[in-house]
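Please read the structure below before turning to the comments.
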Amino acid sequence: MSVEERPAVETRPEWAALAQHRDRLGKTSLRALFAADPGRADTLTAEVDGLLMDYSKNLLDAEVVQALVDLAEASGVRERTEAMFRGEPINITEGRSVLHVALRAPRGTRIEVDGADVVEQVHEVLDRMAAFAERVRSGRWTGHTGRRIRNIVNIGIGGSDLGPAMATQALMAYGDPSLTLRFVSNVDGADIATAVRDLDQSETLYIVVSKTFTTLETLTNARTARRLLLEALGDEAAVGKHFVAVSTNADEVRKFGIDTDNMFGFWDWVGGRYSMDSAVGLSLMLSIGPDNFRAMLDGFHAMDEHFRTAPFAHNLPVLMALIGIWHNNFHGAQTLAVLPYSQYLARFPAYLQQLDMESNGKRVGLDGRPVQVETAPVVWGEPGTNGQHAFFQLIHQGTKLVPCDFIGFLRPVQGQLPDHHDLLMANFFAQTEALAFGRTADEVAAAGVPPEQVTHRVFPGNRPTTTLLGQSLTPYALGQLVALYEHKVFTQGVIWGINSFDQWGVELGKVLAGRIADELVAEDPPALAHDASTNALIGRYRKAAGR
Ligand code: G6Q
């Protein structure tokens, strides 16, 4: 039975079984669960390739895990995974294959779309990117005036920005320190203005990244960048040395005035939010070099293989997806906090926000009918320990259930400042312990707290956390981590029966903004046909601009 034809998830016996398990565990606490089973931490831990996932501090036991695994088996996760890896058009609303896994498939692997081997195409582009990156990094590719390129400005938005921006920061320690990397996404002129104000245009390379090459924000920023370059260098011919494009749309790239010899392609079977390991990652490759980029791809691929082959009970992405479903669908959790204890991963929560919420923020199933269960959680987060001094209060003692992913590493990047790392990780371990076990009234009173203050200082505990503990934040580890979350999101999408690979909500924004942009600048007052509120706001804006 195809996934589209499966009965809705909430009608399956496996779903009902999970509801029973929730009732069975009732008010059981994590304290009680740990006391009853000394082997719990071992049983509820999975590891692959140096990345450990301890999920024992969640509100579940081995029976729940088995019931969740049964749900995944019954939901067609295996079949759907195979269909994705085979290149079948599982993105049914856009009629596309979903093959980000091909972006990191080793040379020589064969995956076909419409009879053509896409892995070979992937490696052709990777080789061109590597050759270009080597030329820029070695100084053989110079700017128009012969000066070495020292600044790289990535212009893109959404999937054409968040991935390379997140990863460039994550792997900054592996980056060439003589290169300055900037990321411009917002159409607010403040973004490009502040990004380039201290850059010498004659040493600056702009990478315009846009799958469609029609996105308003990106093209506006790219035009401004070209104007600034020409103002500084005064010669149209400079564009060829200072602009390259990453796109699937050669015609639009040409129209913009970028030579397609300086274009790095990708394909419609790569979704924007799944594209950081394609040519979209060119800025990252320029920063860390082709070898480190390939090491990252190896990490991605290793996780792909693990996801594809490991039994569900030991499969990190599947387990993570199922734990999310347990909290989201059986405990009413509305959000997921992602808390990397790594300043390098400061943008990782923002990256995951798009990956998860744009993929699974859907309310209609593959069969076109409204889904009857909760889908994607609100994903958010900040690096620890900063979050501890801000919003952790609510997670510890608030009224909401906020499941958290804690992400940390055994060793600091390249051995940097190990004394800092010890303190960072002390906080990391302390927080998950406190969230799980809390502090009872007796414990608070025993610490000498005056009786009238005891309730204020009680920590209820039972706040679920999953700990991801890697070796060190290497390019390989980053690849593993991103692929882990990609496949988690995929697995949840399959179980909820939704298409994780379209984004009609994003498309809507692109259409609406275009119409109002014309109305804001029209010479004659336009006939506004919006609602009364929007008409009045547009009118006020026009008046302020003297129109
Ligand atoms: C990603 C989304 C979206 C997209 C941007 C930029 O999955 O579709 O974030 O990446 O809207 O689109 P372009 O790359 O086409 O400019």
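The values are calculated or read from the model by the stated rules, or taken from the named source; none is laboratory data. Here the structure is a predicted model, which is why all the values come from computation and not from measurement. We place every Cβ from the backbone using ideal geometry, glycine too, and count neighbours over all the protein chains shown.
Is it true that some residue in the stretch 264-279 is modelled with pLDDT under 95, among the polar types (S, T, N, Q) and buried (at least 19 other Cβ atoms within 10 Å of the Cβ)?
no
Just checking, how many residues over the stretch 178-187 are surrounded by fewer than 20 Cβ atoms within 10 Å (Cβ to Cβ) and within 16 Å of the ligand (Cβ to nearest atom)?
Matching residues across the stretch 178-187 total 2.
Mind checking which residues of the stretch 427-449 are exposed (fewer than 14 other Cβ atoms within 10 Å of the Cβ) and under 19 Å from Thr399 (Cβ atoms)?
Within the stretch 427-449, Ala441 is the sole residue that qualifies.
Pairs under 7 Å by beta carbon, first residue among the acidic types (Asp, Glu) in the stretch 219-242, partner part of a helix (DSSP H, G or I) and surrounded by 14 or more Cβ atoms within 10 Å (Cβ to Cβ), six or more apart or different chains?
Matching pairs, first to second residue: Glu236/Leu230.
State all residues of the stretch 450-507 that are on the phi > 0 side of the Ramachandran plot and either surrounded by 22 or more Cβ atoms within 10 Å (Cβ to Cβ) or modelled with pLDDT under 95 (or both); if no residue qualifies, say none.
Of the residues in the stretch 450-507, the ones on the phi > 0 side of the Ramachandran plot are 461-462, 497.
Residue satisfying the conditions is Gly497 alone.
Report whether or not Leu322 is at pLDDT 95 or above, part of a helix (DSSP H, G or I), hydrophobic (A, V, I, L, M, F, W, C) and touching a helix residue (DSSP H, G or I) at 6+ places or on another chain (Cβ under 6 Å).
Against the criterion (at pLDDT 95 or above, part of a helix (DSSP H, G or I), hydrophobic (A, V, I, L, M, F, W, C) and touching a helix residue (DSSP H, G or I) at 6+ places or on another chain (Cβ under 6 Å)), Leu322 qualifies.
Criterion first (under 23 Å from Gly76 (Cα atoms) and touching a residue at least 12 places away in the same chain (Cβ under 8 Å)) does Phe330 satisfy it?
yes
Mind listing whichever residues of the stretch 185-203 are closer than 13 Å to Asn151 by Cα and touching a strand residue (DSSP E or B) at 6+ places or on another chain (Cβ under 8 Å)?
If the condition is that a residue be closer than 13 Å to Asn151 by Cα and touching a strand residue (DSSP E or B) at 6+ places or on another chain (Cβ under 8 Å), then Ala195, Val196, Leu199, Asp200, Glu203 are the ones that fit.
Does any residue of the stretch 421-432 turn out to be touching a Lys or Arg at 6+ places or on another chain (Cβ under 6 Å), more than 16 Å from the ligand (Cβ to nearest atom) and touching a residue at least 40 places away in the same chain (Cβ under 8 Å)?
Within the stretch 421-432, one or more residues are touching a Lys or Arg at 6+ places or on another chain (Cβ under 6 Å), more than 16 Å from the ligand (Cβ to nearest atom) and touching a residue at least 40 places away in the same chain (Cβ under 8 Å).
Would you confirm, using the coordinates I've provided, whether Asp261 is away from the ligand (no atom under 16 Å from the Cβ) and either farther than 30 Å from Pro403 by Cβ or not in a helix (DSSP H, G or I) (or both)?
Yes.
For Asp442, state whether it is farther than 25 Å from Leu481 by Cα, in a helix (DSSP H, G or I) and charged (D, E, K, R).
Against the criterion (farther than 25 Å from Leu481 by Cα, in a helix (DSSP H, G or I) and charged (D, E, K, R)), Asp442 qualifies.
Which residues, taken from the stretch 336-362, are within 19 Å of Thr491 (Cβ to Cβ) and away from the ligand (no atom under 16 Å from the Cβ)?
Those that are within 19 Å of Thr491 (Cβ to Cβ) and away from the ligand (no atom under 16 Å from the Cβ): Leu336, Val338.
Can you pull out the residues in the stretch 363-383 that are over 19 Å from Met320 (Cβ atoms) and either within 16 Å of the ligand (Cβ to nearest atom) or assigned to a loop (DSSP other than H, G, I, E, B) (or both)? Quick ask: steps written out before the conclusion?
Taking the stretch 363-383 first, the residues over 19 Å from Met320 (Cβ atoms) are 363-372, 382-383.
Within the stretch 363-383, Arg363, Gly365, Leu366, Asp367, Gly368, Arg369, Val371, Gln372, Glu382, Pro383 qualify.
Pick out the one residue from Gln431, Gln414 that is within 16 Å of Leu468 (Cα to Cα) and either more than 27 Å from the chain's Cα centre (by Cα) or part of a helix (DSSP H, G or I) (or both).
Gln431
Of all residues being of a type in the set (A, V, I, L, M) and closer than 24 Å to Phe213 by Cα in the stretch 231-246, which is farthest from the chain's Cα centre (by Cα)? Just the residue, please.
To start, the set of residues in the stretch 231-246 that are of a type in the set (A, V, I, L, M) comprises 232-233, 237-239, 244-246.
With closer than 24 Å to Phe213 by Cα added as a condition, the list becomes 237-239, 244-246.
Working: Ala237: 37, Ala238: 35, Val239: 32, Val244: 25, Ala245: 22, Val246: 20 Å.
So, considering only residues that are of a type in the set (A, V, I, L, M) and closer than 24 Å to Phe213 by Cα, the one farthest from the chain's Cα centre (by Cα) is Ala237.
Hey, could you check the stretch 348-369 for residues that are closer than 30 Å to Ala170 by Cα and more than 8 Å from the chain's Cα centre (by Cα) and say which is surrounded by the fewest Cβ atoms within 10 Å (Cβ to Cβ)? So that I can check it myself, show each step before the final result.
At the first step, the residues of the stretch 348-369 found to be closer than 30 Å to Ala170 by Cα are 348-362.
Filter once more, keeping what is more than 8 Å from the chain's Cα centre (by Cα): 357-362.
Details: Met357: 20, Glu358: 22, Ser359: 24, Asn360: 22, Gly361: 17, Lys362: 22.
The qualifying residue surrounded by the fewest Cβ atoms within 10 Å (Cβ to Cβ) is Gly361.
Considering each residue of the stretch 188-226, count those that are within 15 Å of the ligand (Cβ to nearest atom), surrounded by fewer than 18 Cβ atoms within 10 Å (Cβ to Cβ) and not β-branched (Val, Ile, Thr), and give that number.
Qualifying residue count, the stretch 188-226: 2.
With the structure loaded, tell me whether Glu63 is more than 30 Å from Arg439 (Cα to Cα) and either part of a helix (DSSP H, G or I) or in contact with a strand residue (DSSP E or B) (Cβ under 8 Å, 6 or more places away or on another chain) (or both) or whether it fails that test.
no
Just one of (1) part of a helix (DSSP H, G or I); (2) surrounded by 11 or more Cβ atoms within 10 Å (Cβ to Cβ) trips up Val511, so point out which.
Here Val511 meets the rest and fails (2).
Please go through the stretch 141-177 and give me each residue that is more than 16 Å from the ligand (Cβ to nearest atom) and on the phi > 0 side of the Ramachandran plot, ordered by number.
Passing the criteria: only Gly146.
Which residue is nearest to Pro377 (Cα to Cα), if the candidates are limited to the stretch 496-516 and must be over 20 Å from the mean Cα position of the chain (by Cα) and away from the ligand (no atom under 16 Å from the Cβ)?
Checking each candidate, the answer is Gly497.
Checking the condition crowded, with 20+ Cβ neighbours inside 10 Å, within 28 Å of Gln503 (Cα to Cα), in contact (Cβ under 8 Å) with a residue 60 or more places away in the chain and in contact with a Phe, Trp or Tyr (Cβ under 7 Å, 6 or more places away or on another chain), which residue from Ala72, Ala102 passes?
The match here is Ala72.
Taking the residues in the stretch 387-408 that are in a loop (DSSP other than H, G, I, E, B) and out of contact with any helix residue (DSSP H, G or I) (no Cβ under 9 Å at 6 or more places or on another chain) as candidates, determine which candidate is farthest from Asn328 (Cα to Cα).
Ala390
Please indicate, with yes or no, whether at least one residue in the stretch 290-300 is more than 16 Å from Pro475 (Cα to Cα) and buried (at least 18 other Cβ atoms within 10 Å of the Cβ).
No, that holds for no residue.
Can you tell which of Gly175, Gly234 is farther than 29 Å from His100 by Cβ and modelled with pLDDT of 95 or more?
Result of the check over Gly175, Gly234: Gly234.
Which numbered condition in (1) within 16 Å of the ligand (Cβ to nearest atom); (2) assigned to a helix (DSSP H, G or I) is the only one that Met276 fails?
(2)
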